[in-house]
Amino acid sequence: MGMADVQENGHGELGMSDFPLGSKNKYKRMVSELTDYDGDDDPSHHHHQMERRRKSTRKYVFGCAVFASLNNVLLGYDVGVMSGAILFIQEDLKITEVQQEVLVGVLSIISLLGSLAGGRTSDAIGRKWTMGLAAVIFQIGAAVMTVAPSFEILMVGRILAGVGIGFGVMIAPVYIAEISPTIARGSLTSFPEIFINLGILLGYVSNYAFSGLSAHISWRIMLAVGILPSVFIGVALFIIPESPRWLVLQNRVDEARSVLMKTNENESEVEERLAEIQQAAGSTNTDKYEEKPVWRELLTPSPALRRMLITGIGIQCFQQITGIDATVYYSPAIFKAAGIEDESKLLAATVAVGVSKTAFILIAIILIDKVGRKPLLYVSTIGMTTCLFSVGITLILLKQGSISIALAVLFVCGNVAFFSVGIGPVCWVLTSEIFPLRLRAQASGLGAVGNRMCSGLIAMSFLSVSRTITVGGTFLIFSVISALSVAFVYKYVPETKGKSLEQIEMLFQDEYVLQGGEVQLGDVEHLVQK
């Protein structure tokens, strides 16, 4: 296969070589160096320059992905800290069980409003400043919750925090996908999920650390600590660039070019990428599309767009209806059902859940651009189905005691570990890369709405349902839903590894592709090695 074919199919992805993705990339590195080197310079000097540029590019893109993901620490922290704080809020404010469910679940329901508005906001003011807006709204909400004298004021703060989180969770993956080089996009777009997990773990640790204080003070300090990450977000906004794809949509092509110069390792490739983005954005600026706004196109989609929406919204909903948020929010209740009674032991077991959830996402980051999205989804959904079923059986069949406690902790940790290996991060990666440029922000926002709505429904109904059919029975239902997610992945999710965002659009033009008969045209690693 000739060099021309590689460039035609690869869309200039050869220069994305040296992200930490294994030794296979040496082939691409050789090719990119051969194409760049014209024979006039001293080869060793040229190689040294290339290496230096590669390192600085990698650091720059990595830094952008980290800063963009900071909002997700807020979501994770809130989810994690509330599992312990709710015990003290109940004691201090004397709230009922229904009020507990509303307080826990309202965050997800309200955050879908933020996600709905986030798509349009980010198209209007840019991806970067939408992240800033998210942080400000969350900070105000967290401050109101910290000083709340009553349940009503606490709810006001919770609603504000929810709107901020809704903005944050939908925009981070979109931004990262748009600035990342193709060859590392999967790993980098997983960052928001890592930071959610990190936030959850910090929330659990905060519960454990402040649980010794009086009921009136402890939960307020737990919630106040959540304000800290948003301070770093304010600093980050002055460091990270705007998305080059958004800049092209605004006809700010020169600015887009300068961002691409910083995020691409290969200068010769910048113009090629820019032309590709302009071509994708071109239709946005034509008259025929000005008559049909984005929202109308999403409501009356073409067959290809319908397939994208089914994949994107479907995978987001399955991520939540398998009960992950309920497992995290109510892990103390689950362990209580298994027989743990001491409060500090409950919180310690919950920290073990947080550690499992955070540690295993690192496996996903390492593998997502090597083995691809779909294999990780299979491992994840099948593993979760097994663990959820096992939790249910343990709680129903075994009497409370040391064996049931050990098995419950093991299977709950197993469930969150399998979640983190696949559907947790891959879900956000997919929804940020499968939609066309002009629809990407608002369509990803719809996916995030599905995610938050399912999360809210599960979180708000878990206590009531588990009282009716027991905690074990609830987990058996989760295991059935999880089994359905395996079938969904098989039928609707294509492999997007190694393809440019513009190539991925083409996958959905043909229904055959979605059912597993996919030709890996854009897989640069495969082409170069051949």
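The values are calculated or read from the model by the stated rules, or taken from the named source; none is laboratory data. Just so it is clear, the structure is predicted and the values come from calculations on it, not from any experiment. Using ideal geometry, Cβ is built from the backbone for each residue, glycine included, and neighbour counts are taken over all protein chains shown. Please note that ligands, DNA and RNA were not included when accessible areas were found on the heavy atoms of the full protein model with its side chains. Shrake-Rupley method; radii C 1.70, N 1.55, O 1.52, S 1.80 Å.
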Scan region 371-393 for residues that are within 30 Å of I183 (Cα to Cα) and of a type in the set (F, W, Y) and report the count.
1
Does A348 satisfy the criteria of being among the small types (G, A, S), open to solvent by 40 Å² or more (accessible area, probe 1.4 Å) and either touching a Cys at 6+ places or on another chain (Cβ under 8 Å) or in a helix (DSSP H, G or I) (or both)?
yes
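The rows are residues; the columns are (1) surrounded by 16 or more Cβ atoms within 10 Å (Cβ to Cβ); (2) within 30 Å of N207 (Cβ to Cβ); (3) modelled with pLDDT of 80 or more.
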residue	(1), (2), (3)
I227	yes, yes, yes
R257	yes, no, yes
E265	yes, no, no
T286	no, no, no
Inside region 138-187, can you point out the residues that are open to solvent by 10 Å² or more (accessible area, probe 1.4 Å) and within 23 Å of V270 (Cα to Cα)?
I183, S187
Look through region 201-224, keep the residues that are farther than 21 Å from A143 by Cβ, touching a Leu at 6+ places or on another chain (Cβ under 9 Å) and part of a helix (DSSP H, G or I), and return whichever of them is most open to solvent (accessible area, probe 1.4 Å).
Y208
Candidates G126, G157, filtered to the one that is within 20 Å of the chain's Cα centre (by Cα) and small (G, A, S):
G126
Quick check on my filter: what residues within region 436-491 are open to solvent by 50 Å² or more (accessible area, probe 1.4 Å) and of a type in the set (F, W, Y)?
Y490
